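A.B. asks: If you scroll down you'll find the structure; I have some questions about it.
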Amino acid sequence: MDALKKTVKLSLRGVSRTYGGRAALESVSFDVYEGEFLSILGPSGCGKTTLLRILIGLLPPDGGRILLDGRDITSARPSERNMGIVFQNYALFENMTVLQNVAYALALHTKDKRGAREEARRMLAYMGMEEQIGKKPAELSGGQQQRVAIARTLVLKPEIILFDEPMSALDVDTRIALRRELKKLQRETGITMIYVTHDQEEAFALSDRVMIMENARIVQLDTPEEISLHPANDYVRTFVLDNLRAKVESIRRFVRDGDED
Amino acid sequence: MKTDTPRAGRRFRADGVTKLLFFSLFAALVLLPLFRMLTNLSRESFDKVFGSPVIGEILQNSLLSALAGTVISVLIAYLLALAMQRTAIRGKAFFSVILVLPMLIPSVSHGMGLILLFGNNGILTRLLGLSSGIYGFPGIVCGSVLYAFPVAFIMLSDILRYEDGAPYEAATVLGIPRARQFFRISLPFLARPLVSVFFAAFTMILTDYGVPLMVGGRYKTLAIVMYQEVIGQLHFGEGSVYGLILLLPAVLAFLVDLFNRGAGNSAFVTRPPEPSRRPAPRILASFFVIAVSLFTLLPVVSFIILGFAENYPTDLSFSLVNSLVITALTAALGTALGFFTSYLTARSRSPLSSLLHLVAITAMAVPGLVLGLSYVLLYKASAVYGTLVILIMVNTAHFIASPYLMMYNSFCKLNGNLEAVGETLGVGRVRMLFDVFLPQSAPTLLEMFSYFFVNSMMTISAVSFLANASTKPISLMINQFEAQMQLENAAVVSLLILLVNLALKGAVALLKPSFLKKRRQKTF
């Protein structure tokens, strides 16, 4: 990212949350820049999913404030935040076709039903899903389902899209292909993306900046390069080493099979 | 869930209020009537019941006949389930219909079938020139088996269908003999579910008065005594005491099942053992299945023979219309209640959800006769008493637990993030319920409707104390005809109930594939 034109899109100030006496999030503060791809990385139970649910508004924080373009949205409804979310298992509407899935929410909010369908069709075409428009989600592959889920949020023109470990149900090849598509999508649309994952390779490959979390706290938030060169502590160092190891693995694979990436 | 933000708080309260509303509905349908019956218990009634010289005999009769009926039912059901699930016999689809036919007619009809065949003037008694020994213990056991084995069969078939075949394959590879495999693999797997099946069949038989009414003769059981105390002599006090006695094993069965349910569920995908293709088990299984099928068909055939042998002056259309109204409304309202309740319990978890869940399945622990008496005691003075409304209420309460659980399980299987997606897309909960959840539940809704319909059509238990001359459903006409010694009419009624239920089952079977086609299997 160009350091000169960083505008703060989303800002968290001392956001905290406890679950049954245990801190799930301890006074977390950070900024997300306009058009940035930010990954939130950490093992399960580190607070990253809690953070995501608070960001989208499914869970109220115990304390702290969330600002979107300087506007306080701490207690706004999920639908008032202009954010979209793609869940791990996509949660598509199984009873509807691909087109209906994407058009549904849009059509609900407008009188122009035909326009909504057209818009949904355009979005699906953009995602390379024209052929699948009349199919039910159950007839699609995992990767195709993910594209529908992305189209479903994209069609509402969100300013930020959140991803909740969207690749974890997919096989390695699909993951790598989708990773590229996601990156391309972000470049083309310029939408701010916040991506929750426990896969360090994924986080480092995709992100402008990576935020590493441990025990309800942010350990380090920086570019992949900075984190690799200057890990904040031993915990982050293991992440970096794991990532290096994965890189070496993929180079080995390339040398052996001639497979790219 | 914590609720600091005002909006989340409001949503949370709305959720709580809805749940409380449904809870009160179930309270009115199940808890309050039951409570009323328990408060009706008096020292005096206890003394009358337990001071009676025959109480010991009644208890013994009930226990013995129910135990014998249960053991035989479960044994037949297990062998049937084995034959159907573990051998490659022909005509499985056909037999699976025949074997559950008894579930479509009232228990009293099973008793009547036995009378028609083996009674003093029975078809087979006369044909073979025998003297009848069917009245009393043998008749009750026989009729109860007819009544209870299909239920046990369905439960056991389901259990066997989800048994994993891998341990058997491993054992066979290791050269472990068949008999040992049975004791070391089959039995341990079956032990817990078998307890549930056993209790279910036992309570069914123990609390049924229909079979003893027909073939019991002078052999009195608890259920028939309770029925006669209330219907014949309006002894509500004594009735309540008998009700309490019947309630105890039913509650025990309920608790056992509740305890077993959580334990039995394994999340692993299993493949059942390959059905045996060896000739010996196949032939044996075929013979057994055919024999049991004949046993279930015989009474039906006797209804047909008797039913069409004479003319009937009796016009049944009035009570048939009553029944159809009660049945259709119970099925519609019950299905709706089950749907909304399970949505509240399965799709938004809170302490109130657990409470609502518990009260929704509580009805399972209340025998029909007990529920019926409870309704009489609570609603005697109310406006609904003596109308079709109370019959619809009591049937809904009586049968809600199973359909509720069907829907609950199906809701639990739907993606856990659907509500969250709806919220972020700006689609309200109610909207989501009708646009997303309802369409996906169509096959389950159909099954629920069918369950309510069939059971309300054939029930004689909860409705027996509540119906009067103008609201009487057709199933209770069998009791009336029995009292008037008009067995031909009773046979026609049984046949009619069977036909209506068969027609509904047929319609459901035809409709279901078109619902299922809309949600094909997941393919990755």
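A.B. asks: Obtain the radius of gyration and the Kirkwood radius of the protein assembly as shown from its C-alpha atoms and give Rg over Rh.
C.D. replies: 1.06
A.B. asks: Follow-up question, since we're still on this one. Enumerate the calculated ³J(HN,Hα) couplings along segment A:124-140 in order (Karplus 6.51 cos²θ - 1.76 cosθ + 1.60, θ = phi - 60°), each rounded to whole Hz, writing x wherever the residue is Gly or Pro.
C.D. replies: 5, 5, 4, 7, x, 10, 4, 5, 9, 3, x, 8, 8, x, 5, 8, 9
A.B. asks: Taking N as the number of residues in segment B:268-347, what is its Cα Rg relative to 2.2 N^0.38 Å?
C.D. replies: 1.97
A.B. asks: For peptide A:85-96, what's the mean number of Cβ atoms from other chains within 10 Å of each residue's Cβ?
C.D. replies: 6
A.B. asks: Hey, got the Cα dimensions of chain B along the principal axes, in Å, largest first?
C.D. replies: For chain B, the Cα extents along the three principal axes come out at 79, 69, 46 Å.
A.B. asks: Round to a whole angstrom and tell me the spacing of the C-alpha centers of segment A:76-149 and segment B:428-453.
C.D. replies: Taking the Cα centre of each part, segment A:76-149 and segment B:428-453 sit 22 Å apart.
A.B. asks: Can you compute 3J(HN,Hα) from phi for each residue in segment A:200-214, using the Karplus curve 6.51 cos²θ - 1.76 cosθ + 1.60 with θ = phi - 60°, rounded to whole Hz and x for Gly and Pro?
C.D. replies: 4, 4, 4, 4, 5, 6, 8, 9, 6, 9, 10, 10, 9, 10, 8
A.B. asks: Could you work out the pair-distance distribution P(r) of segment A:90-157 from its alpha-carbon pairs, with 5 angstrom bin width and percents rounded to whole numbers?
C.D. replies: Pair shares across the bins are 3, 21, 35, 25, 12, 3, 0.
A.B. asks: Follow-up. What's the average, rounded to a whole number, of partner chain beta-carbon atoms within 10 Å of each residue's beta-carbon in A:52-59?
C.D. replies: 3
A.B. asks: Given H placed 1.01 Å from N in the peptide plane, which residues other than close sequence neighbours of residue A:37 have an amide H under 5 Å from its amide H?
C.D. replies: Correct list: A:193, A:208, A:209.
A.B. asks: What is the Å³ per residue value for the convex hull set by the Cα atoms of segment B:113-243?
C.D. replies: 152
A.B. asks: Something else now. By per-residue mean of other Cβ atoms within 10 Å, what is the highest-first order of A:108-114, B:403-409, B:185-191, B:415-421?
C.D. replies: Those peptides, ordered most packed to least, come out B:403-409, B:415-421, B:185-191, A:108-114.
A.B. asks: Neighbouring Cβ atoms within 10 Å as the yardstick, rank B:25, A:59, A:241 fewest first.
C.D. replies: Arranged by neighbour count, lowest to highest, B:25, A:59, A:241 become A:241, B:25, A:59.
A.B. asks: May I pose another question? Name the long-range amide H neighbours of residue A:163: under 5 Å, sequence gap of 5 or more, or other chain; modelled H, no Pro or chain starts.
C.D. replies: Excluding prolines and chain starts, which carry no amide H, the hits are A:86, A:194, A:195, A:196.
A.B. asks: Sticking with this one: Dipole size in debye (nearest 20) for chain B around its Cα centre, Lys and Arg Cβ +1, Asp and Glu Cβ -1?
C.D. replies: Approximately 1880 debye in magnitude.
A.B. asks: Once label points are set 7 Å from the Cα along Cα→Cβ at both residue B:304 and residue A:172, what is their separation, rounded to one decimal in nm?
C.D. replies: That separation, rounded to one decimal, is 6.5 nm.
A.B. asks: Taking amide H atoms as placed 1.01 Å from N in the peptide plane, list the residues 5 or more away in sequence, or in a different chain, whose amide H sits under 5 Å from that of residue B:276.
C.D. replies: Those lying under 5 Å, H to H, from residue B:276 are B:87, B:88.
A.B. asks: Next question, about the same structure. Find the Cα radius of gyration of segment B:154-196, compare it with 2.2 N^0.38 Å by division, and give the number to two decimals.
C.D. replies: 1.21
A.B. asks: Please give the net charge around residue B:209, taking every other residue with its beta carbon less than 12 angstrom from that of residue B:209, where Lys and Arg add +1 and Asp and Glu add -1.
C.D. replies: Every neighbour counted, the sum reads -2.
A.B. asks: May I pose another question? What ranking, highest mean first, results for peptides B:138-151, A:147-160, A:26-39, B:210-223 when packing means the other Cβ atoms within 10 Å averaged over each residue?
C.D. replies: B:138-151, B:210-223, A:147-160, A:26-39
A.B. asks: Then there's this: Using label points projected 7 Å from each Cα along Cα→Cβ, tell me how many nm separate residue B:483 and residue B:63, to one decimal.
C.D. replies: Distance between the two pseudo-spin positions: 3.2 nm.
A.B. asks: Test of understanding: ordering B:434, B:452 by Cβ neighbours within 10 Å, fewest first, what list do you get?
C.D. replies: Exposure proxy ranking, most exposed first: B:434, B:452.
A.B. asks: Convert each backbone phi in segment B:295-300 into a coupling constant with the Karplus relation 6.51 cos²θ - 1.76 cosθ + 1.60 (shift: θ = phi - 60°), then list the ³J(HN,Hα) values in order as whole Hz, x for Gly and Pro.
C.D. replies: Rounded to whole hertz, the list is 4, 7, 7, 3, x, 4.
A.B. asks: Using alpha carbon centroids, what distance separates segment B:275-312 and segment B:162-221, in Å?
C.D. replies: After rounding, the separation between the Cα centres reads 22 Å.
A.B. asks: Follow-up question, since we're still on this one. If you bin the C-alpha pair distances of segment A:3-122 every 5 Å from 0, what whole percents do you get?
C.D. replies: 2, 9, 16, 18, 16, 14, 12, 8, 4, 1, 0
A.B. asks: Follow-up. Among B:398, A:230, B:357, rank each residue by its count of other Cβ atoms within 10 Å, from fewest to most, as a rough exposure measure.
C.D. replies: In increasing order of surrounding Cβ atoms, one gets A:230, B:357, B:398.
A.B. asks: If you consider only alpha-carbon coordinates, what radius of gyration and Dmax does chain A have, in Å?
C.D. replies: Final numbers for Rg and Dmax: 18.9, 57 Å.
A.B. asks: Rounded to the nearest Å, what's the spacing between the alpha carbon centres of segment A:179-214 and segment B:240-258? Just the number, please.
C.D. replies: A separation of 59 Å, based on Cα centres.
Bear in mind these aren't lab numbers, they're just calculated from the coordinates by the rules spelled out. These figures come from a predicted structure and were not determined experimentally. Cβ atoms come from the backbone with ideal geometry, glycine included; neighbour counts cover every protein chain shown.
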